[in-house]
Each structure stands twice: as C-alpha cells, then as structure tokens.
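Student: Sharing a structure below in structure tokens format, with a few things to ask.
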There are 2 protein chains.
Amino acid sequence: MTTELTPAALRQRIRSGEHTTNTSGLCNGFVQCNMVILPKDWATDFLKFCQANPKPCPLLGMSEAGSWEIPELAANLDVRSDLPSYKIFEDGQVVNEVTDIADYWRDDLVTFMLGCSFSFEEALIADGLEVRNIAEDVNVPMYRTNIPCRTAGRFSGTTVVSMRPFQAADAIRSVQICTRFPSVHGAPIHLGDPELIGIEDINKPDFGDAVSIHEGELPVFWACGVTPQVALEHAKPPFCITHSPGCMLVTDIRNSKLAIM
Amino acid sequence: MTTELTPAALRQRIRSGEHTTNTSGLCNGFVQCNMVILPKDWATDFLKFCQANPKPCPLLGMSEAGSWEIPELAANLDVRSDLPSYKIFEDGQVVNEVTDIADYWRDDLVTFMLGCSFSFEEALIADGLEVRNIAEDVNVPMYRTNIPCRTAGRFSGTTVVSMRPFQAADAIRSVQICTRFPSVHGAPIHLGDPELIGIEDINKPDFGDAVSIHEGELPVFWACGVTPQVALEHAKPPFCITHSPGCMLVTDIRNSKLAIM
C-alpha cells in the first residue's frame with residue numbers, strides 16, 4: 001500500500017477485502033469522512049442535530065433512504081463495503097464489528113458522511129505546524145467537555161473535543177487556517193485552561209491517546225467527530241452503523257476544495 | 001462635539017483650533033491613523049522598516065516630500081494642522097508639543113500614516129465582544145516585549161504590544177475578526193502567558209493603563225503602533241514629528257473598506 005493510490009483505487013482494495021485497517025495517512029490531499037447510518041425514522045432527527053451543531057457534526061453528504069451511493073462525495077460508492085471496518089449498534093450498544101455491512105443492509109437506511117480532522121491537520125502541516133499526535137504517531141487525544149450540544153429531537157449531549165498543543169503564535173495561526181475549513185470542524189472552540197471546559201486531567205483523554213505538551217505550549221481544542229457518537233449512545237436508536245475509529249470513507253473530494261477562501 | 005461629525009468636518013474643527021484633544025470615539029466607522037514625519041534622508045529607511053514589520057507598522061499612506069497632502073486617505077488634508085496635537089523630536093528627544101506644525105514645516109519632510117487599533121476595536125465591539133479598555137474607559141495597556149523587529153537601515157528594536165483580555169472563545173473570535181484587517185495590526189501575535197514574550201508584570205504596562213483581567217480570561221496581545229515610536233527613540237533622527245498619543249488623523253476611509261474579505 002502506498003500513499004499514491006487514488007481514492008477510487010483505495011476504495012476498490014477495501015471493497016475487495018485487501019485493506020481492512022485504518023485510512024489515516026492514505027490518499028493524502030483527499031477528504032475522509034466519519035460515517036453514521038440510521039433508519040429513516042431516526043434520520044431527520046440526526047439531520048437536525050447536525051444542522052444545529054455544525055462544528056462537531058459538519059455534514060458533507062447524505063444518501064437517499066436505501067441507497068448506498070453519495071455521488072457528490074465519491075464515484076461508484078458502495079457504503080456497504082467501501083470502508084475498512086464498521087461497528088453495528090443495537091439500542092446504543094455495539095453488537096458487532098465487521099468489514100462489510102451487506103448482511104445488515106435495509107431499504108430504510110440513510111447514510112450520513114461528516115467531515116473529519118484529517119483535512120485540517122493536513123492544512124496545518126502544509127503550513128509548517130507540527131501536529132503532535134502525528135509527530136508522536138498516536139491517535140489524537142479526545143475529551144468529553146461540559147459544552148452542551150444543541151438538542152435536536154432525540155439527539156442531545158455534550159461536545160467531545162480533540163486537542164493539539166501549540167505555541168501561542170502557532171495556536172493563532174491554527175485559528176486562521178482552520179477558519180478556512182468550516183466543513184471539517186472549523187476554528188478551535190477553546191484554548192488554554194482545560195478545566196474551563198470541564199476537562200479535569202489533560203493527560204487522561206477519554207478517547208485516543210495522550211500526547212506531550214511542551215513548555216510554553218497551549219492546548220488547543222477542536223470540536224470532534226466523536227460528538228455525534230456520544231449523542232447516539234445517549235439516544236439509543238434501535239439500529240445504527242458507524243465506521244470503526246480511523247477507518248473512514250476516503251472520498252474523491254480534494255481537501256483544498258473545502259476551503260471557503 | 002458629537003460623533004455624527006464627518007471626518008472632513010472634524011478635521012476642519014481641528015484645523016481651526018476648536019478641537020485640540022484626543023480623537024478616540026469620534027467619527028465612528030472611519031479609519032484613524034498614527035503619524036510619523038521624517039526628513040527625506042530618513043524616510044527610505046523608515047519605509048523599509050514598515051515594509052519589514054507590517055504588523056506593528058501597517059502603512060496606509062505616505063506623502064511626497066514636502067507635501068502636506070495624502071489624497072488617498074483624506075480630501076483637502078493638511079497634515080500640518082489637521083491633527084489635534086503633535087510631538088516635535090530632535091535627536092530622539094521630545095522638544096515640544098504643539099497643535100500646529102506650520103512653524104516646523106520643511107520642504108524635505110515625508111509624512112507616514114499607519115493603521116491603528118481603533119479600527120479593529122470597532123470590529124470586535126460590532127461583533128459583541130467587550131473591549132476591556134473601552135469598557136473601563138482607559139487607554140489600552142501596552143507592553144515592551146522581547147519579540148524583535150526586523151531591522152531596516154537605521155531602524156531597529158523590539159515589538160510593543162497592546163493587550164485586551166478575553167475568554168478563550170472570544171479570543172478565538174478576535175483572531176478571526178482581526179485577520180480580516182491586516183492593515184490595522186491584523187491578528188494577535190500572542191495570547192496566554194505574558195512571560196513568554198518578556199512581559200514580567202501584566203498589571204504594570206509600559207504605556208497606557210492597566211485593565212482588569214477576569215477569572216478564566218486570557219490576555220491577548222496585538223502588535224502596537226507604539227513600536228515605530230520606540231524604533232525612532234533608538235534611531236534618534238535629528239528631526240521628527242509624530243502625533244500626540246490618542247490625537248490621530250481621522251481619515252475619510254471607512255474601517256470596513258480595510259477588511260480583506
């Protein structure tokens with residue numbers, strides 16, 4: 001596997017079962033997406049939740065009910081097989097983790113694709129900033145906060161954030177860079193003292209891995225795509241499918257196309 | 001004096017001697033400028049210094065040698081009389097403070113007009129942010145830092161910053177707002193720990209007045225128009241004129257016209 005694969009070629013390898021692990025670092029330059037699949041009778045509430053909480057839940061595309069295609073994101077897409085790994089939820093609990101969801105498919109399922117931090121991390125690195133979780137080759141640290149989401153129908157909860165430490169001047173630069181990308185979480189939502197947003201111990205993330213914070217660095221916090229998963233845990237829809245962590249949809253859209261300027 | 005005066009009408013009152021105090025809060029919506037006047041044989045070095053240090057020294061306009069007009073900034077301008085108060089420097093020392101510089105005028109003088117924080121403060125307030133120095137009706141606190149300016153000819157020095165405290169989310173918003181206004185100091189250059197930029201006591205500004213910093217607020221620092229004055233102190237040109245603090249040129253340019261987007 002090289003990073004020179006096109007998104008279409010990578011999706012084909014995934015579909016054929018040749019690639020079953022995470023997609024980070026693959027197809028550099030192309031947008032990757034978090035995925036949520038819900039029955040139609042839950043889909044409107046989820047759509048409203050995304051609409052009400054665009055920073056943690058930036059919706060890039062959604063399917064018609066029963067369709068496995070989202071043509072605006074990827075040609076010849078089959079969401080049932082084109083992600084490396086899927087989690088199957090029943091009543092809010094994980095009941096299985098699979099590499100193909102054909103056996104679970106139903107005609108009432110609606111697929112949502114949400115922007116992911118890989119896109120803005122690429123923009124930060126392209127500007128010369130060191131993204132610590134990438135430098136240390138670990139998952140980004142993520143934390144539950146006390147920042148409420150806007151409730152929409154049966155979906156509610158608090159915001160989960162990801163954290164990357166920067167010197168102040170780079171933190172300011174990260175605000176400028178990420179402001180250009182509102183559809184992949186946009187600008188940070190907090191920086192500095194973690195306790196102000198309800199994080200007790202910055203060295204003990206609720207998800208992902210801790211990273212080093214060097215002398216003089218500020219922790220900078222972005223709204224995170226795990227937020228909708230927490231909202232799903234609370235709402236407990238009878239049936240739901242998500243991607244497995246790090247095993248994203250790789251789209252045909254270039255990250256640069258998401259820049260609003 | 002009301003805030004409804006046009007810039008041209010205010011300049012006329014200043015020229016006639018009816019208004020001799022500071023211009024803050026007057027002609028809301030219009031750009032005000034810091035001013036530096038230097039002999040022609042020092043002007044090229046100063047122009048290079050501005051070019052090399054655009055955040056503290058954002059050059060909005062300059063005159064031809066000997067001319068008191070800068071048509072792109074203000075109609076019928078006479079820089080010799082249209083600012084409320086001037087400081088006269090000889091060899092880097094203040095030798096007089098006057099309300100008109102006709103007696104000091106020379107055919108070799110070049111006038112520089114630099115952007116000022118009034119413009120971005122207006123944009124912050126328009127967005128609903130509280131600018132503490134305005135809320136507390138004092139001069140903004142300013143500090144010498146250890147951030148070097150780029151040297152240009154005979155001009156060198158370190159950056160002076162102004163400080164406004166904000167909650168983290170507002171600090172992030174201030175970065176976004178001020179990024180739109182690169183010609184009036186642009187985005188902050190530091191936030192958080194003052195010691196990291198050489199400020200020992202945030203409650204003892206080197207210029208201006210201290211302001212309250214509330215629980216949970218971060219000090220946010222902008223490059224400041226006092227920086228060129230400090231560079232002038234060091235360079236000690238034989239002759240120089242500046243505006244007196246707060247006694248700015250009020251231009252015909254709307255602040256909104258400085259927004260790059």
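Student: Return the pairs, sorted by first residue and then second, in which the second residue is open to solvent by 80 Å² or more (accessible area, probe 1.4 Å) and not hydroxyl-bearing (Ser, Thr, Tyr), the first residue lies in region B:83-100 and is more than 12 Å from B:Ser244 (Cβ to Cβ) and touching a residue at least 12 places away in the same chain (Cβ under 8 Å), the beta carbons are less than 6 Å apart, and the residues are 6+ apart or on different chains.
Tutor: Correct list of pairs: B:Asp91/B:Lys236; B:Gly92/B:Lys236.
Student: Here's another thing I want to ask about it. Name the residues in region A:170-192 that are touching a residue at least 60 places away in the same chain (Cβ under 8 Å) and at positive phi, would you?
Tutor: A:His185, A:Gly186
Student: Still on this structure: For A:Ala126, only one of the following conditions fails: (1) within 14 Å of another protein chain (Cβ to nearest Cβ); (2) without any contact (Cβ under 8 Å) to a residue 12 or more places away in the chain; (3) of a type in the set (Gly, Ala, Ser). What is its number?
Tutor: The failed condition is (1).
Student: Kindly indicate whether any position in region A:183-200 is touching a helix residue (DSSP H, G or I) at 6+ places or on another chain (Cβ under 7 Å), among the charged types (D, E, K, R) and open to solvent by 50 Å² or more (accessible area, probe 1.4 Å).
Tutor: no
Student: Would you pick out the residues in region A:1-14 that are surrounded by fewer than 19 Cβ atoms within 10 Å (Cβ to Cβ) and either in a loop (DSSP other than H, G, I, E, B) or of a type outside the set (A, V, I, L, M, F, W, C) (or both)?
Tutor: The answer is A:Met1, A:Thr2, A:Thr3, A:Glu4, A:Leu5, A:Thr6, A:Gln12, A:Arg13.
Student: Within region A:171-195, can you find the residues that are among the β-branched types (Val, Ile, Thr) and facing chain B (nearest Cβ under 10 Å)?
Tutor: Listed by number, the residues that qualify are A:Ile172, A:Val175, A:Thr179, A:Ile189.
Student: Out of A:Leu5, A:Leu47, A:Leu26, report the one residue that is under 25 Å from A:Ile147 (Cβ atoms) and out of contact with any Pro (no Cβ under 8 Å at 6 or more places or on another chain). Don't jump to the end; show me each part of the working.
Tutor: Numbers: A:Leu5 fails: under 25 Å from A:Ile147 (Cβ atoms); A:Leu26 fails: under 25 Å from A:Ile147 (Cβ atoms).
Being under 25 Å from A:Ile147 (Cβ atoms) and out of contact with any Pro (no Cβ under 8 Å at 6 or more places or on another chain) holds for just one of A:Leu5, A:Leu47, A:Leu26, which is A:Leu47.
Student: For A:Asp78, indicate whether it is in the same structural domain as A:Gln51 (by TED's automatic domain parsing) and touching a residue at least 60 places away in the same chain (Cβ under 8 Å).
Tutor: yes
Student: Any residue in region B:248-259 that is within 14 Å of another protein chain (Cβ to nearest Cβ), without any contact (Cβ under 8 Å) to a residue 40 or more places away in the chain and hydrophobic (A, V, I, L, M, F, W, C)?
Tutor: Checking region B:248-259: not a single residue is within 14 Å of another protein chain (Cβ to nearest Cβ), without any contact (Cβ under 8 Å) to a residue 40 or more places away in the chain and hydrophobic (A, V, I, L, M, F, W, C).
Student: Consider region B:59-93. How many of its residues are modelled with pLDDT of 95 or more and part of a strand (DSSP E or B)?
Tutor: 9
Student: Right, next: Say we look at region B:227-238 and pick out the residues that are out of contact with any Gly (no Cβ under 8 Å at 6 or more places or on another chain) and open to solvent by 30 Å² or more (accessible area, probe 1.4 Å); which of these is nearest to the other protein chains (Cβ to nearest Cβ)?
Tutor: The extreme case among them is B:Gln229.
Student: To continue, here is another question. If B:Thr23 passes every condition in (1) polar (S, T, N, Q); (2) modelled with pLDDT of 95 or more; (3) assigned to a loop (DSSP other than H, G, I, E, B); (4) open to solvent by less than 20 Å² (accessible area, probe 1.4 Å) but one, which one does it miss?
Tutor: (2)
Student: Quick one: how many residues across region B:79-106 are open to solvent by 50 Å² or more (accessible area, probe 1.4 Å), in contact with a strand residue (DSSP E or B) (Cβ under 6 Å, 6 or more places away or on another chain) and among the charged types (D, E, K, R)?
Tutor: Of the residues in that region, 1 qualify.
Student: Follow-up question, since we're still on this one. Consider region B:115-132. How many of its residues are outside any helix (DSSP H, G or I) and open to solvent by 70 Å² or more (accessible area, probe 1.4 Å)? Write out each step before concluding.
Tutor: Kept after step one, since they are outside any helix (DSSP H, G or I), are these residues of region B:115-132: B:115-116, B:127-131.
In the following step, the residues that additionally are open to solvent by 70 Å² or more (accessible area, probe 1.4 Å) were identified as B:130.
Looking only at that region, the number is 1.
Student: Provide a single number: the residues in region A:146-162 that are more than 14 Å from A:Gly225 (Cβ to Cβ) and away from every other protein chain (no Cβ under 12 Å). Break it down stepwise before answering.
Tutor: Within region A:146-162, the first condition is being more than 14 Å from A:Gly225 (Cβ to Cβ), and the residues that meet it are A:146-148, A:150-156, A:158.
Next, only the ones that are away from every other protein chain (no Cβ under 12 Å) stay: A:146, A:148, A:150-156, A:158.
Within region A:146-162, residues that are more than 14 Å from A:Gly225 (Cβ to Cβ) and away from every other protein chain (no Cβ under 12 Å) number 10.
Student: Could you tell me which residue of region B:156-174 is nearest to B:Val140 (Cα to Cα), considering only residues that are under 18 Å from the mean Cα position of the chain (by Cα) and aliphatic (A, V, I, L, M)?
Tutor: Step by step, filter region B:156-174, then rank; the result is B:Met163.
Student: Within region B:32-48, which residues are surrounded by 24 or more Cβ atoms within 10 Å (Cβ to Cβ) and part of a helix (DSSP H, G or I)?
Tutor: B:Phe46
Student: While we're looking at this one, here's another question. May I ask you to list the residues in region B:133-149 that are open to solvent by 60 Å² or more (accessible area, probe 1.4 Å), in a loop (DSSP other than H, G, I, E, B) and at pLDDT 95 or above?
Tutor: B:Glu136
The values are calculated or read from the model by the stated rules, or taken from the named source; none is laboratory data. Because the structure is predicted, anything quoted here is derived from the model rather than measured. Please note: Cβ atoms are built from the backbone with ideal geometry, for glycine as well, and neighbour counts cover all protein chains shown. SASA here: full protein model, heavy atoms, side chains in, ligands and nucleic acids out. Shrake-Rupley method; radii C 1.70, N 1.55, O 1.52, S 1.80 Å.
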